[in-house]
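Presented below is the structure to which this report refers.
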Amino acid sequence: MNVYEAAQRRLETIFTEFDNVYVSFSGGKDSGVLLNLCIDYIRKNKLNRKIGVFHIDYEAQYQMSTDYVNETLLENQDIIEPYRICLPLRAHCATSMFQSYWIPWEKEKRDIWVRDLPETCIHEDDNPCDFFHPEMSDYEFQGKFAGWYHQQKQAKRTCNLIGIRTQESLNRWRAIYSDRNYKEYNGLIWTKEIYENVYSAYPIFDWLTEDIWTANGRFFWNYNHLYDLFYKAGVSLEKMRVASPFNDWAIESLKLYRVIDPNNWAKMVGRVNGVNFAGIYGGTRAMGWKSLKLPAGHTWKSYMYFLLSTLPEQTKLNYLTKLETSIKFWRERGGCLSETTIQELKDAGINISVSDTTNYDTTKKPVQMEYIDDFDGADFKDIPTYKRMCICIMKNDHLCKYMGFALTKNERIRKQNILEKYRYML
């Protein structure tokens, strides 16, 4: 069967097995197609039910994206139950070395908001989501919303449909195939349990970008026409992204705002630190994204410490904490590398220790090693080097996602303490 037919079978399972279903809708091409698939399925099968639509509105975005979201939430009101979130959630920010996050819809900055609150939305003065707290991130809110929505509907089973595709990135591929430390629903690889009787599902995980646009054209579905302007601007199909404009994925296309949406751009420049600089230099060597060269007289390690010395103290400590965690990981547990990379390290005379078994679901072998200055190999991004850390700093990658970092122990403890504090207060 083709991917459309496979998606239909998956939707049949979802709408048969789950009495409560909602779609996470970003306003992008993938979540838009997924929502249209669900609407068509409900209509064709004459299901007597509604589907929730969860959308985090980031305040600063292309006007075309706002228009598309508005149109989508207004249409099919007999089927759609919208949850448009306009709360002051912490969103990742890669435009500034001083500001690792920014907060849309922050009351104290109402006078510099990029636009006004939508007429119908969930905001601070009208917020039924009792799990929200002032230091909550957008990703944390997404996770908590699923459990809250399940309880609000008093559902037997809840399913959150997410339009991610494995073609988009390695992390998305891993979400489906690699990280199996969670429970699936009835053995379906494209599902993931997040709470008891609450699941995330990825019905279009095997679609290609071409499939998305084929579906839009064949079924005459509405979509975000910002993509038409991206195409005219010469952006390749694979790099067209509609996301929070200040995160690391959006930096390279941030400069397009100035041309495509000049009115919003003028407001964005005054909204978040470093936006104008990132808009001019994002994607160039000035941001450390391309051919970063080592200054004369430095090793990558010494250059890393030089870069750290230029940062605010808290930002510097954040990077050092993550580096310490990574050094300990590679020294004690090791990262899984391919046979080719292992041989390249040996040929380069780098001291490594290779084990035969690992708890990870992979054919690669765990390798223990110390941090090295640089590595001239095909799998550069898999090796612990000080050059990679320099790139993180130059990109304002405060979370060090380029290095594959997750939350450190202290960050997890801090997050848990915050959750406990607000749970007690509530």
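Data table
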quantity: Nearest-20 debye value, the range 3-209 charge dipole, Cβ charges on Lys, Arg, Asp, Glu; calculated: 800
quantity: Filter on Lys153/Lys239; Lys29/Lys301; Lys328/Lys364 - keep pairs with C-alpha separation over 31 Å; calculated: Lys153/Lys239; Lys29/Lys301
quantity: Gyration tensor (alpha-carbon) shape descriptor, the range 300-414, a/c threshold 1.5; calculated: oblate
quantity: Long-range amide H partners of Trp113 with built H, under 5 Å; calculated: none
quantity: For the range 3-209, share of DSSP beta bridges that run antiparallel, in % to the nearest 5; calculated: 30
quantity: Pairs of alpha carbons in the range 3-209 whose separation is greater than 31 Å (percent); calculated: 19
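The numbers here are math on the coordinates, done by the rules we state, and not lab data. Please read these numbers as outputs of a predicted model, since none were measured by experiment. Cβ atoms come from the backbone with ideal geometry, glycine included; neighbour counts cover every protein chain shown.
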